[in-house]
1. Report the gain in length on full extension from Lys19 to Glu78: 0.36 nm times residue separation, minus Cα-Cα distance, nm rounded to one decimal.
2. Charges at C-beta only: +1 for Lys and Arg, -1 for Asp and Glu. How large is the resulting dipole of the chain about its Cα centre, in Debye rounded to 20?
3. Hey, in the GNM for the chain with a 10 angstrom Cα cutoff, which one of Thr31, Thr112, Thr51 fluctuates hardest?
4. Taking amide H positions as placed 1.01 Å from N in the peptide plane, with prolines and chain starts having none, which residues 5 or more places from Ala229, or on another chain, fall under 5 Å of its amide H?
5. I need the calculated FRET efficiency for the pair Thr12 and Ala91, taking r as the beta carbon distance and R₀ as 41 Å, to the nearest 0.05.
6. Let me know the charge dipole size of the range 99-188 about its Cα centre in debye, to the nearest 20, where only the beta-carbon of Lys, Arg (+1) and Asp, Glu (-1) is charged.
7. Report the label-to-label distance for Ser187 and Gln42 in nanometres (one decimal), using points 7 Å from each Cα along the Cα→Cβ vector.
8. Compute the FRET efficiency between Val236 and Leu127 as 1/(1 + (r/R0)^6), taking r as their Cβ-Cβ distance and R0 = 35 Å, and round to the nearest 0.05.
Amino acid sequence: MNSSLNLFWDETFPFLVLKGPGSKAFLHGQTTSDVKNLSHDQFLRTCWLNTFGRVKALFEISIEDDGVGLLVLAGDSESVFDGLSKVIFPADQLEIASFSTKRRLQKISEKTEFFSDIVWLDPKESLESFPPNSCFTRKDLVEISLIQQGFPRGSMEINGEFNPFELGLADWVSLDKGCYLGQEAISKIINNCAIRQQLRYWESFEDIAIGETLSIPSVNPENSSEARAGVITSSVKIVSEKKTIGLALVKRMALSHSKLALFGDTREVSLSLPKGFTSLRTV
């Protein structure tokens, strides 16, 4: 990445505003993070789970002048709106005041933590206050950075099938807060170390497509239960380097392998832990 370039992740996301004195307490009980202690000028990232402790959506939450803002970083926003609306009761003392979009900017730099230098903007707000060498149009470089970081946001990653620890989102889960949706399942996962697979970063000099199955090269492909070691969940081709990169969900039995093959194929991918992957313990 060009060190003289101020690269920004510039994207517009679905956005909800919750109003009422019970807004923070409500989101505290619906998500995996400590929303009750969130203060102004903070951005809190958190998971929205189902009752099985699996991730349905990823949120970024901040205190706005007119309420609590909830930005849907990943997942189906209509399901989020419907799901939250159905569990709001009069005693909760809040309402979903608006459901629109919000422009979000985040500086991408190897010198700082990944989720830092974040700004929420209205869709038509000016960018004149940013440095003249700021770049908002290199979506290709941003996508490469997100994949290398291991940020799961695709439909094969955020779909209600995988828990936060499988997706490398352990630091998005507060272990000290009170009850929340999916907490009982999360406790069981932690106590039983119930990790079925984990997210991995991969590279290959071959063309690899989303949805392709990975296998352990030394395993007989006729034994399909052992041979199928994972699945490709995202894929981006870097033309200048003549390679393809992406993310994959790799089964626990294959996590020790640095290379996997494509099922029934001679193509291979090299695996490594994404830069931003966080876990509770070694699996």
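1. 19.4 nm
2. About 580 debye.
3. Its mean-square fluctuation being the largest, the pick is Thr112.
4. Placed amide hydrogens put Leu214, Ser215, Ile216 under 5 Å from Ala229.
5. So the FRET efficiency works out to roughly 0.75.
6. 260
7. 2.4
8. 0.85
The values are calculated or read from the model by the stated rules, or taken from the named source; none is laboratory data. These numbers come from a predicted model, not from an experiment. We place every Cβ from the backbone using ideal geometry, glycine too, and count neighbours over all the protein chains shown. What goes into the accessible areas is simple: the full protein's heavy atoms, side chains included, and nothing from ligands, DNA or RNA. Shrake-Rupley method; radii C 1.70, N 1.55, O 1.52, S 1.80 Å.
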